[in-house]
Amino acid sequence: MDGCTLLEEAIAKGGKIEWRDSPSLPRLFVPQGMGVKLQEDLPTVREVLRRAADFRGQLHTPGPAPLLRLTEHTGDEGCLSCGEPIERSRFRCPICVLAVALALET
């Protein structure tokens, strides 16, 4: 199972993200037993949280909600948020889909 799927599962089972201490370094709290599973793909989990923090920071600007893109994204083809190659029928890669959802929901 990949990190995105595991993180979604952990949150569905009662996990939560705490943004209070530092918006750029969210804390992840997961149900008992899920931590070991998340360790299997920790780089992906960390990247989702990094992107979610970046996107969340963009939401706290005046005016309408922005597109939510990584600051290093050049705007070329691919994922709207990061530029990674994606299927034609998609707008964002799985990591950005989850990161945007977390930024908007929490």
(request) All but one of (1) modelled with pLDDT of 90 or more; (2) more than 23 Å from Lys16 (Cα to Cα) hold for Leu67, so report the exception by its number. (result) (1)
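A quick yes/no check of all residues on (1) charged (D, E, K, R); (2) within 19 Å of Pro26 (Cβ to Cβ); (3) in contact with a strand residue (DSSP E or B) (Cβ under 6 Å, 6 or more places away or on another chain):
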{"site": "Asp41", "(1), (2), (3)": "yes, yes, no"}
{"site": "Glu47", "(1), (2), (3)": "yes, yes, no"}
{"site": "Ala52", "(1), (2), (3)": "no, yes, no"}
{"site": "Phe55", "(1), (2), (3)": "no, yes, no"}
{"site": "Glu72", "(1), (2), (3)": "yes, no, no"}
{"site": "Glu77", "(1), (2), (3)": "yes, no, no"}
{"site": "Leu80", "(1), (2), (3)": "no, no, no"}
{"site": "Pro85", "(1), (2), (3)": "no, no, no"}
(request) Say whether the condition of being under 14 Å from Glu8 (Cβ atoms) and small (Gly, Ala, Ser) is met by at least one residue in the range 31-41. (result) no
(request) Output the number of the condition that Phe91 fails; it satisfies all remaining conditions of (1) of a type in the set (Phe, Trp, Tyr); (2) free of Cβ contacts under 8 Å to residues at least 24 places away in the same chain; (3) assigned to a helix (DSSP H, G or I). (result) (3)
(request) Quickly run through the range 61-84 and pick out the residues that are in contact with a Pro (Cβ under 9 Å, 6 or more places away or on another chain) and on the phi > 0 side of the Ramachandran plot. (result) Gly78
(message) Out of everything in the range 53-99 that is surrounded by fewer than 20 Cβ atoms within 10 Å (Cβ to Cβ) and of a type in the set (Val, Ile, Thr), what residue ends up being farthest from Asp2 (Cα to Cα)?
(response) Thr61
(request) Could you list all residues from the range 29-52 that are under 19 Å from Ala101 (Cα atoms) and surrounded by 19 or more Cβ atoms within 10 Å (Cβ to Cβ)? (result) Val30, Leu38, Thr44, Val45, Val48, Leu49, Arg51, Ala52
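The values are calculated or read from the model by the stated rules, or taken from the named source; none is laboratory data. In this text, all values refer to a predicted model and were calculated from it rather than measured experimentally. Cβ coordinates were reconstructed from backbone atoms using ideal geometry, including for glycine residues, and neighbour counts include every protein chain displayed.
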